[in-house]
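**Student:** Supplied in C-alpha cells, the structure appears directly below.
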Amino acid sequence: TDVQAPERAFVGEPVAIRLTADRNPIKASRNDLCYVTLELVDQAGNLVTRADTAVRINFWGNGQLAGSGNASPTDIESFGSRRINTFQGKAMLIFRPFEREGEISVRAELRGLKSGTLTIHVKSFDYQ
C-alpha cells in the first residue's frame, strides 16, 4: 500500500489581527464579562505562533477593559494595559459592560498589520 505524507500547513508572516469574542451579545450587568481572544494571523487566517509583539488596544462605548494578559510566565506588564504583548501569537482582553444597553467597540492595532475590530453588543435581557 502507498503511504502518503500528511499535508502540512505552512504558516506565513502575520498580516492581520483577529479579535474573537467568547459570546456576543453579553448582559448589561457589572457581573458579566466578555473574553476577547486576540490573534496574529497570516494571509490564510492561520495563527502565527512565532509572532510575539506589542499590540495597541483602543475601545470605546458601553464598557471598560477589566483586564488583559497573554499567558506568558515572564510577562506581567500587560495585565490591564491598553498595550498588550502577544505570547505565541495570542493575547486575551476582558471587557466588563456598564449596566445599560449599548455597544463596546474594540480596535487592536500594530503597524504593518490589518487592524482587528470587534463590536460587543450589550443587552438588558437574560439569555441562555
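Nothing in this text is a laboratory measurement; each read-out follows from the coordinates by a stated rule. In this text the structure is predicted, and so the values were computed from the model without any measurement. We place every Cβ from the backbone using ideal geometry, glycine too, and count neighbours over all the protein chains shown.
**Student:** Evaluate Rg over Rh across the range 14-112, taking Cα atoms for both radii and Kirkwood's formula for Rh.
**Tutor:** On the way: Rg = 13.5 Å, Rh = 13.8 Å.
Rounded to two decimals, Rg over Rh is 0.98.
**Student:** Where a Cα-Cα gap under 21 Å defines reach, which lysines qualify for Lys114, not counting those fewer than 8 residues away within the same chain?
**Tutor:** Qualifying lysines at Cα under 21 Å: Lys90.
**Student:** What percent do you get for the relative contact order of the chain when only Cα pairs under 8 Å and 6+ apart count?
**Tutor:** Details: 321 pairs, mean separation 40.6, N = 128.
Dividing the mean separation by the residue count of the chain yields 32 percent.
**Student:** For the range 27-40, just list the computed ³J(HN,Hα) in residue order, Karplus coefficients 6.51, -1.76 and 1.60, θ = phi - 60°, integers in Hz, with x standing in for Gly and Pro.
**Tutor:** Those phi angles translate into 7, 6, 8, 5, 8, 9, 9, 10, 9, 10, 8, 10, 9, 8 Hz.
**Student:** Once you mark the chymotrypsin sites (Phe, Trp or Tyr not before Pro) that are in a DSSP loop and have at most 13 other Cβ atoms within 10 Å, what is the longest gap between them in the chain?
**Tutor:** Numbers: sites that count: Phe10, Phe79, Phe125, Tyr127.
Excluding the exposed sites themselves, the longest stretch runs over 11-78.
**Student:** Pick out, in residue order, every one of the trypsin sites (Lys or Arg not before Pro) in the range 2-102 that is DSSP loop and has at most 12 other C-beta atoms within 10 Å; say none if there are none. Before the final figure, lay out each step's value.
**Tutor:** Values: sites: Arg8, Arg18, Arg23, Lys27, Arg30, Arg50, Arg56, Arg82, Arg83, Lys90, Arg100; in loops: Arg8, Arg23, Arg30, Arg50, Arg82, Arg100.
Those that pass, being in a loop and sparsely packed, are Arg8, Arg23, Arg50, Arg100.
**Student:** Lysines within cross-link reach of Lys123: Cα-Cα under 21 Å, excluding same-chain residues under 8 positions apart?
**Tutor:** List returned: Lys27.
**Student:** Let me ask something additional. Can you list residues whose amide H is under 5 Å from Ala16's amide H, if they're 5+ apart or on another chain and H is modeled 1.01 Å from N?
**Tutor:** Val41, Lys114
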